[in-house]
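Rule-based calculations on the coordinates, nothing more; no lab input. Owing to the predicted nature of the structure, the values given are computational and were not obtained by experimental measurement. Please note: Cβ atoms are built from the backbone with ideal geometry, for glycine as well, and neighbour counts cover all protein chains shown.
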Amino acid sequence: MQGGLHTKHRTMAVPGASLVPILLLGLGIRLAAAHSPAGVECILFNEEYMTCTWGSGQTLTANYSLYYWYENRSPVAECKQYLWERGVRTGCRFEQSEIIQFQPFHVRVNASQDGRILEIPSNRMELQNLVKPEAPVNLTIRNMSSNQLQLTWSSPYPKAHCLEHVVKYKSNKDTSWMKQEVKGDIFSFPSVDYEKFYTFYVRSKINNYCGSTQLWSEWSVPVFWGSNTTSKGRSSPEPPGSPRHPHTVLTVSPWLFAGMAEEQLQWFWIHTVLIPIASCLLLLVLVVLLVRMERVWVIIMPRIPNPNKNFDDLFITHNGDFQEWVGVPKDVVESFKPNYSESICHVSELPYEPLQDSIHPPGVPGPQEHGPYKNSYVGA
Amino acid sequence: MERMIIFCMLFFCSSMVLTAAPPKAMKYKQLAKTIDQLKDVVKDKDVELLHTPENPEDGCLFTAVTCFQDGILKLQPKNSQVNVTFTKTVKILRRTILPDSGEHCESSCQSYERKKPQEFLNSFSKVMQKVIN
């Protein structure tokens, strides 16, 4: 009987013994489930800094530490700046110098609680797919001609060619928001009703050319347009005598401005082919015109006179005799030859005879009628 | 009249010089779009695996892009209906994309892992994203 009791106890003890580890396991799982975060979520804010978070201060109680490394690049390093919430580490902040895009990024978070160490599995991330740009700023509305509004903005994100935007707008009479995707920095609103009051919001996202992300930025600060009919004191431009337009905003087909950026690419190719060909042809026409018009040609390329041929006569025909070539008449040539003879006339000086009157000092020749000089000539 | 003709000629000469080649960014964006088009028409099953560069260094971009261009030759269309689109996109992607920077790259094309065409094209898109960025 006692044996039976013993066996009974044993049989009862065995299931009891196996139950304890199951219970402990269950407890452990529950503990783990209650305290381990779902995973690490990293976001690059405007490519300026990055935060990786693994939960909020309400659910976490353990002591966490984050280790990160880039595949094939850097050694494992610990986070330098932790984010705290209620005395618990809930995230890590990375500065711009620690962020490398287009390199697989690994993160491992170690949680230690009550002496046990839990490891959250490491995530492999591509940081270019986790960029969240900042909301657009400086929203301005310009009134273009013929009831058309133009909304422009600028983005704090440095690379504008990497962004695509969405404009959300509504008038005070609409019940739901209209959303429109825009590739550039300008949104054209075709027909605006001046009786209505419009509100516009814009937000941005990295487009497919620079990353594969679904992270939209926050909505920008809104911009308003129009007159609020309930409050008549609001200042707004009201054109004089504008006729009432029917509400055509919602019925405008989106292909008007949705395909603009797509068309731009094709339009650009036409430009680069059409304009060079057209200008080439025009150049050709102008050159032909120029060549045909002799008068114009002479102005650009004047004939430089060559006097070579003029002197052929002199050297060949007349054998270098200048007088013959010039054509001096023979009697003129004869007239220059002298037909008389002259004998040589000697001229000499007579000796000087001083006068009795010695008033004139020597050396100064006084006026004398009969000078001692005598010269004679023989006339022809 | 004559002087006007001459000035017109000079003006058009200079305008031809100014309408230069399109900016590189436009060219790369068009290539990225072409790669997306190719993803829709390429055969993914029972085909040869291709060497796929993953996250190449800055100095290895030219080698990586050349490797992708060589791999594209081995692709096949999904079915006979998409043949026209397939041939057109392959022709566009065969043209020179990046100039030869002359930098020496340590990893050659054969050193990269072989992957299926869709992953191959996804990696190609990623490299184009890095170039555009």
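Within chain B, the longest run free of trypsin sites (Lys or Arg not before Pro) that sit in a DSSP loop with at most 10 other Cβ atoms within 10 Å is B:46-94. Peptide A:206-212 is shielded by partner chain Cβ atoms: per residue, an average of 6 of them sit within 10 Å of its Cβ. Within the listed set B:C60, B:C13, B:C109, the Gaussian network model of chain B (springs between alpha-carbon atoms below 10 Å) gives the highest mean-square fluctuation for B:C13. Here is the tail figure for the stretch B:1-86: Cα pairs spaced more than 18 Å apart come to 65 percent of all pairs. Shown in residue order for the stretch B:104-121 are the 3J(HN,Hα) couplings computed by the Karplus curve 6.51 cos²θ - 1.76 cosθ + 1.60 at θ = phi - 60°: 7, 9, 6, 9, 8, 4, 5, 6, 7, 5, 8, 9, 6, x, 5, 5, 4, 6 Hz (x for Gly and Pro). In terms of its C-alpha gyration tensor, the stretch A:133-237 has a prolate overall shape, because the principal axis ratio a/c (a ≥ b ≥ c, square roots of the eigenvalues) is not below 1.5 and a/b outweighs b/c. For the stretch B:54-62, 3J(HN,Hα) computed residue by residue from phi via the Karplus equation (6.51, -1.76, 1.60; θ = phi - 60°) reads 10, 6, x, 5, 4, x, 9, 4, 5 Hz, glycine and proline entered as x. For the pair the stretch A:106-132 and the stretch A:285-356, the centres of their Cα atoms are 108 angstrom apart. Computed over all pairs of different Cα atoms, the Kirkwood value for the hydrodynamic radius of the stretch B:37-80 is 11.7 Å. With contributions of -39500 (n - 2.57) from each DSSP H run of at least four residues, the per-residue ellipticity at 222 nm computed over chain B stands at -18500 deg cm²/dmol. When you filter the trypsin sites (Lys or Arg not before Pro) in the stretch A:163-202 for DSSP loop state and at most 13 other Cβ atoms inside 10 Å of their Cβ, you are left with A:K173.
In summary, the lysines within cross-link reach of A:K196, defined as a Cα separation below 21 angstrom excluding same-chain residues under 8 places away, comprise A:K168, A:K170, A:K173, A:K179, A:K232. When a/c reaches 1.5 or more, the comparison of a/b and b/c decides; with that in mind, is the stretch A:268-352 rounded, prolate or oblate per its Cα gyration tensor? It comes out prolate by the Cα gyration axes.
For A:K80, a cut-off of 27 angstrom between C-alpha atoms picks up these lysines, skipping any fewer than 8 places away in its own chain: A:K132.
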